[in-house]
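Below: the structure, in structure tokens.
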Amino acid sequence: MSDKASPQAPKAEGPRTSAVSSWRSSWSRFRREHQWTRWAIPLAVVVVAFSYPWWGLEGPLSFVFNDGLGIDNDTLFNMSIYVMLALGLNVVVGYAGLLDLGYVAFFALGAYTLGWFGSGLFSTRDIHFLDTNAARLPGIHLSFWVVVLLAGVVCAFAGVLIGWPTLRLRGDYLAIVTLGFGEIIPDIFRNGDDIAGHNLTNGVRGVTQLDRPGFGEALNGATGGILPVRYTSLELRPWYFTVLAMVLVTIFVNLRLRDSKMGRAWIAVREDEIAASAMGVPLMRTKLWAYGIGAIFGGFAGAVYGSFINGIFPVSFSFQISVIVLVMVIVGGMGNIWGVIAGAMLISWLNFRGLDKIGEWVNGAIPGSGNDIAIAKYKFGIFGALLVVMMLFRPEGLIPSARRKAEFAEGEGQATLYDVRN
Amino acid sequence: MAVDNILEAIQVRKEFGGLIAVNDVDFVIPRGSIVSLIGPNGAGKTTFFNILTGVYTPTAGGVIFDGNAISGLPPHQVTALGMARTFQNIRLFHNMTALENVLVAMHSRIKGGVWRSIFRTPALKREEEGAHARGRELLEFSGLRGRDHAFAKNLAYGDQRRLEVARALATGPSLLLLDEPTAGMNPEETANFTAFVAKLRAEHDITVLLIEHDMRVVMGISDRVTVLDYGEKIAEGLPKEIQHDERVIEAYLGTAATA
């Protein structure tokens, strides 16, 4: 035992946050006293998000959001996909504390599941199920919604398969092995065009002409044309609504699990594995659930993304994506859903559009610079610097959970209470 | 063999490389008793504890708990069978609240279920409410009333020790293993704690195994005392007998001389 810091010492509340914390406490009191805020606030957020095409893309605020910030249809879709990925990874990293550097593997696997069950890749087959394509194409064409669910199942299965041997490792070792898997899986897809004579992935050429989501003629007619027969690359709003709906499901599942027996077990495992297992928490099972559930969301996101991009290539699923999603979780506030969403929106905006826009502003502000200052070129330098600044000044993230805040409030001194020798 | 032993360790041996940490120890705990395990520092007490609770698998020998052979089982299965422990160096979930700590420990006693949690079925809701109520009850019983929502690390030291016990009790044990529970406590806290352990046995029908250095605690509440030294059992008997056992005195004086 080496408990230098006396645990009896009263914890001094820092005076520096007094204004913010008093605002916060009165806000939380208001929320306690007015139960309607429990559903009214989330509802308002959902309405604002769903109506974005009417007030942000076009309409009153489009000059800020669409023109100014550059959040157009494409960027919006990408941001939503990354919110989903970040929420999925949050289960693994934020809740269960398993550092996963290979999350892109599940994103890729989800996309390739669409390649297998929703494209002409296996052109000698002729299998169709609730297919919404205009013509009867060769290949396997299951309904897009079925494929999304399949992507979740495939990824959950792969997550358990990968997790089974690797989750026995801790900390750095786990990070390295997951990093390896993140590299191996895209490589398998790259070399999967000749597996015992079968072309399973079409190799570097990738899979193109993927099925799009759609509801078919019957549902289209029944809803008076609200649900499209099939999504197109011209009308992008349905894509956004679809991903947004999936994000909502992801948030819902995240919240429910956080407050469940499994959620408590995840945090306990993150805090102290030995104590958790002594209290009856089966370590492997608990970690596998976290890994599997994270994988499912990665798979969902991958399938929708593949369809939207209409092409799946091994090079699209690089290590970068694993890192960026992890940065989103860390910058936003590990373990806190709202923080993770904020982090994902911020980073993905910067990544897809923001840095370009900032570059334009900078070039505009400096007369005679033309387009010479290409801020977006320095993307990774900027992200790196951002991460360093965050770790120095706000290591708990933009919007941390109460738990996370408490963790950092103490500094590292408290950590010595653990006896690693045991 | 005694009439009803809740735990029997038979010829338990644990080697770490060339070091024999526990050397063929036979050990029994009669049901409903308070048994103490004492010995100088490094005698192998905590190693022995870790074997009983499944953290270590013994090199040889076996442990029978409540009629089940448990050596080789992982800790969570041992816990599910009804053995709970506290840690010598407090190992609470520091960034969880007192109530959450206790709820985690009910893991093997509540069904939960991922799908049922996502859909929050009525049965699950009832179960969660029951678990919360029982958790608050346990905290109150352990003298932590009103601290439900305090983070474990913000509790006073004595309260952290209490929370360790409350958490262990939440696993629904029939045998409770306490590893130096009064370490770092002042005499008054120690006296309170001793009374608390006695109350546990009386009210909750729990058998207790205690590792302890404070001889007043050991001699005060133990029915039997076992002494380990260099991994070997050197004495066993009533507290009175132990106090006068020559090998025990020698072991302790030897330690005292080098200290």
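What the table shows:
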read-out	value
Separation between Cα centres of region B:180-259 and region B:16-38, rounded to whole Å	13 Å
Charge dipole (debye, nearest 20) of the protein assembly as shown; +1 at Cβ of Lys and Arg, -1 at Cβ of Asp and Glu	1440 debye
Alpha carbon Rg of region B:68-127, scaled by the compact-globule rule 2.2 N^0.38 Å	1.39
A:Ile195 paired with A:Trp55, simple spin-label distance in nm, labels 7 Å along Cα-to-beta-carbon	4.8 nm
Under 12 Å, Cβ to Cβ, from B:Gly143 - net charge with Lys/Arg +1 and Asp/Glu -1	+2
For region B:171-259, convex hull of alpha carbons as volume per residue, Å³	118 Å³
Proximal charge balance of A:Leu101 [Cβ under 11 Å; K/R count +1, D/E count -1]	-3
DSSP beta bridges in region A:77-340 [antiparallel fraction, %, rounded to 5]	60 percent
Percentage, to the nearest whole number, of Cα pairs in region A:229-302 over 13 Å apart	71 percent
Rough spin-label spacing in nm, given labels placed 7 Å along Cα→Cβ, for A:Arg38 and A:Phe319	4.7 nm
Largest to smallest principal axis extent of the C-alpha atoms in the protein assembly as shown, angstrom	92, 64, 50
Crossing angle, helix B:157-170 versus chain B [Cα axis fit, 0-90 degrees, rounded to tens]	70 degrees
Amide N proximity, region A:262-284 versus B:Trp115 label position 7 Å along Cα-to-Cβ, cut-off under 20 Å	A:262-263
Aspartates and glutamates with Cα under 19 Å of B:Lys111, excluding same-chain neighbours fewer than 8 positions away	A:Asp259, B:Glu100, B:Glu127, B:Glu128, B:Glu129
Mean separation of Cα contacts under 8 Å (6+ apart) over length of region B:130-225, as relative contact order %	25 percent
Directionally averaged projected area (convex hull, Cα atoms, region A:137-199), nm²	5.9 nm²
Net charge over other residues, Cβ less than 13 angstrom from the Cβ of A:Gly206 (K, R count +1; D, E count -1)	+1
In chain A, lysine pairs closer than 19 Å at Cα, eight or more apart or cross-chain	4
Shape box of region B:95-157 [Cα atoms, principal axes, largest first, Å]	38, 22, 18
Relative counts (whole %) of C-alpha pair distances in region B:105-259, using bins that are 5 Å wide	2, 7, 15, 16, 16, 13, 10, 8, 6, 3, 2, 1, 1
Kirkwood Rh in Å, taken over all unlike Cα pairs in region A:53-154	16.4 Å
Between region A:230-285 and region A:73-92, the alpha-carbon center distance in angstrom	13 Å
Calculated log₁₀ intensity ratio I(q)/I(0) where the Debye formula runs over C-alpha points of chain B, q = 0.14, 0.16 Å⁻¹	-0.98, -1.24
Euclidean distance of C-alpha centroids, region A:160-188 and region B:72-110, integer Å	28 Å
Rh by Kirkwood over Cα pairs, then Stokes-Einstein D for region A:212-360 at 1.306 mPa s and 10 °C, µm²/s	87 µm²/s
Rotationally averaged projected area of region A:322-392 (alpha carbon convex hull; nm²)	5.1 nm²
Rounded tilt (10° steps) of A:319-332 against the dominant C-alpha axis of chain A	40 degrees
Gyration tensor over alpha-carbon atoms, region B:1-135, equivalent ellipsoid semi-axes in Å	34, 17, 15
Ellipsoid equivalent to region A:77-340 - semi-axes via the Cα gyration tensor, in Å	33, 22, 15
Rounded to 10°, Cα long-axis angle of helix A:379-393 versus longest principal axis of chain A	20 degrees
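Computed from the coordinates by the stated procedures, all read-outs in this text should not be read as laboratory data. Just so you know, these numbers come straight off a predicted model, no measurement behind them. As a convention, Cβ positions derive from the backbone with ideal geometry for all residues, glycine included, and neighbour counts pool all protein chains shown.
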